[in-house]
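K.L.:
Below is the structure I would like to discuss, written out as structure tokens.
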Amino acid sequence: MNDPVVEAAYREVADLVRSGNRFLLTGHRNPDGDALGSALGLALALRDAGKTADVVMRDGWGSSYAGMPGIGTVSVVPALPEGWTSRYDAIFTMECPEPHRAGFPDLLTGRVINVDHHPGNTRYGAVNLVDLPAAAVGEMVASILDLLDWPISKEIATNLWVSLVSDTGSFRYSNTTAKALALGARLVAAGAEPGPIGEMLFESATAEQLALERLVLGTLELHAGGRVATVELPQRFYAESGASPEDTEGLVNRARGVAGVVAAALLKEAPGGEVRCSLRSKGTVDIRAVATRHGGGGHRNASGCTLPGPLPAAKAALVAALSGALDAALGAAVEAS
């Protein structure tokens, strides 16, 4: 950490944690490994220190996270607990660049500690700890624990490992830094077991998930000379496969993994007719700019947004936007050469 503003925010969060006693924690809707891992890692550390830490999420998660330490204590609820603003010293929002991403309308009525690494974060909290170079929010939790001089147990290390490998693609993505790799070594030394955790996350798909993947991959289309890939998930695929919306994580990466593809999109038909889009890219292709133009956000190579339906219209608009992002990246490369 070299940014004095970020360093001050870390210290402020550490002081708040040290002096407080009761905390509520949440993450973004449809929580992934980073949202769950960072929230659970911090919650377990708070509990080990004798403090109260309750974790709530607006939506459920896929079966691959079922073995995470403490996952059974996470409540999936339609609203924050009644009277939460007086019952808790603060609420931590993990990996929520905007307040609405948590899915709780009354979030800003209490003291919010905004912990995130997205460049589009709107700084909506009473305290805003936004560390853009951090590979994952779990990495930020480790930094907070270091400031507090709190130990990292095997259970905490496991959750932070899930966070780290989820957001770095098991250390394959360009956000993998020396700091992230060093933290990975520390977590393994603290008891995280890469083999069993990897099996839990990446080698435990249910028959229903595989049936859904088969249906989704059957919609694969290539555009822009094979540089853009799209896959679709109409609502009927859930009934046909027996899978649930929580089982869609990672499907967009299958499209990005096609040889020659540098930008990919998974278009999911929502119950109200909207189309929720998960976007991924490689290298300098900035799909966050595409997502932002449609009211979404995220990282340069991993973002999301929502478009009006129906699916064919949403796909046409998105393919045009992604093709434009590819052309912009190519133009920038030519200019720089």
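The values are calculated or read from the model by the stated rules, or taken from the named source; none is laboratory data. Computed from a prediction, not measured in an experiment: that's the story for all the values here. Cβ: placed from backbone, ideal geometry, glycine included. Neighbour counts: every protein chain shown.
K.L.:
Scan V216, V231 and give me the residue that is part of a helix (DSSP H, G or I) and either at pLDDT 90 or above or of a type in the set (K, R) (or both).
P.N.:
Among V216, V231, only V216 is part of a helix (DSSP H, G or I) and either at pLDDT 90 or above or of a type in the set (K, R) (or both).
K.L.:
When you check R254 against the structure, is it under 23 Å from A35 (Cα atoms) and crowded, with 20+ Cβ neighbours inside 10 Å, yes or no?
P.N.:
Spelling it out, it is not the case that R254 is under 23 Å from A35 (Cα atoms) and crowded, with 20+ Cβ neighbours inside 10 Å.
Conditions tested, residue by residue: (1) touching a strand residue (DSSP E or B) at 6+ places or on another chain (Cβ under 8 Å); (2) within 12 Å of I144 (Cβ to Cβ); (3) polar (S, T, N, Q).
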| residue | (1), (2), (3) |
| --- | --- |
| P31 | yes, no, no |
| G60 | yes, no, no |
| S64 | no, no, yes |
| G67 | no, no, no |
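K.L.:
Identify the single condition in (1) without any contact (Cβ under 8 Å) to a residue 24 or more places away in the chain; (2) crowded, with 23+ Cβ neighbours inside 10 Å that D167 does not satisfy, given that it satisfies every other one.
P.N.:
All conditions pass for D167, except number (1).
K.L.:
From A35, A53, A14, A43, grab the single residue that is within 24 Å of the chain's Cα centre (by Cα), within 21 Å of H299 (Cβ to Cβ), among the aliphatic types (A, V, I, L, M) and not assigned by TED's automatic domain parsing to the domain that holds T248.
P.N.:
Residue meeting the stated conditions: A35.
K.L.:
Do you know which residues across the stretch 121-157 are of a type in the set (D, E, K, R), touching a residue at least 24 places away in the same chain (Cβ under 8 Å) and under 19 Å from V188 (Cβ atoms)? Quick ask: steps written out before the conclusion?
P.N.:
First pass over the stretch 121-157, keeping only residues of a type in the set (D, E, K, R): 123, 131, 139, 146, 149, 154-155.
In the following step, the residues that additionally are touching a residue at least 24 places away in the same chain (Cβ under 8 Å) were identified as 131, 139, 154-155.
Within the stretch 121-157, E139, K154, E155 qualify.
K.L.:
Give me the residue from the stretch 197-213 that is of a type outside the set (A, V, I, L, M), touching a residue at least 24 places away in the same chain (Cβ under 8 Å) and assigned to a helix (DSSP H, G or I) and, out of that set, surrounded by the fewest Cβ atoms within 10 Å (Cβ to Cβ).
P.N.:
Checking each candidate, the answer is F202.
K.L.:
Suppose we keep only residues that are surrounded by 15 or more Cβ atoms within 10 Å (Cβ to Cβ) and over 16 Å from the mean Cα position of the chain (by Cα) within the stretch 275-288. Which one would you say is nearest to P119 (Cα to Cα)? Working first, answer last.
P.N.:
If we filter the stretch 275-288 for residues that are surrounded by 15 or more Cβ atoms within 10 Å (Cβ to Cβ), which is where we start, we get 275-282, 284-288.
Next cut, over 16 Å from the mean Cα position of the chain (by Cα) only: 275, 282, 284-286.
Working: V275: 24, K282: 17, T284: 15, V285: 16, D286: 12 Å.
Among residues in the stretch 275-288 that are surrounded by 15 or more Cβ atoms within 10 Å (Cβ to Cβ) and over 16 Å from the mean Cα position of the chain (by Cα), the one nearest to P119 (Cα to Cα) is D286.
K.L.:
In the stretch 16-47, which residue that is in contact with a helix residue (DSSP H, G or I) (Cβ under 8 Å, 6 or more places away or on another chain) and among the charged types (D, E, K, R) is surrounded by the most Cβ atoms within 10 Å (Cβ to Cβ)?
P.N.:
Only one residue tops the list, namely D34.
K.L.:
Would you mind stating whether E193 is closer than 30 Å to A45 by Cβ and not assigned by TED's automatic domain parsing to the domain that holds S170?
P.N.:
Considered against the rule, which asks whether it is closer than 30 Å to A45 by Cβ and not assigned by TED's automatic domain parsing to the domain that holds S170, E193 comes out as no.
K.L.:
Still on this structure, please answer the following. State all residues of the stretch 283-329 that are within 28 Å of Q235 (Cβ to Cβ) and of a type in the set (S, T, Y); if no residue qualifies, say none.
P.N.:
The answer is T292, S303, T306, S323.
K.L.:
Surrounded by 21 or more Cβ atoms within 10 Å (Cβ to Cβ), closer than 30 Å to V275 by Cα and either aliphatic (A, V, I, L, M) or within 22 Å of the chain's Cα centre (by Cα) (or both): is that true of T230 in this structure?
P.N.:
Numbers: surrounded by 21 or more Cβ atoms within 10 Å (Cβ to Cβ): yes; closer than 30 Å to V275 by Cα: yes; either aliphatic (A, V, I, L, M) or within 22 Å of the chain's Cα centre (by Cα) (or both): yes.
Taking the combined requirement at face value, the residue satisfies it.
K.L.:
Right, next: Which of (1) under 13 Å from P99 (Cα atoms); (2) modelled with pLDDT under 95; (3) of a type outside the set (D, E) is the odd one out, the single condition P119 does not satisfy?
P.N.:
(1)
K.L.:
Against the definition (part of a loop (DSSP other than H, G, I, E, B) and touching a helix residue (DSSP H, G or I) at 6+ places or on another chain (Cβ under 8 Å)), how does V285 come out, yes or no?
P.N.:
Criteria met by V285.
K.L.:
Within the stretch 95-104, identify whether any single residue is at pLDDT 95 or above and surrounded by fewer than 16 Cβ atoms within 10 Å (Cβ to Cβ), and answer yes or no.
P.N.:
The answer is no; no qualifying residue exists.
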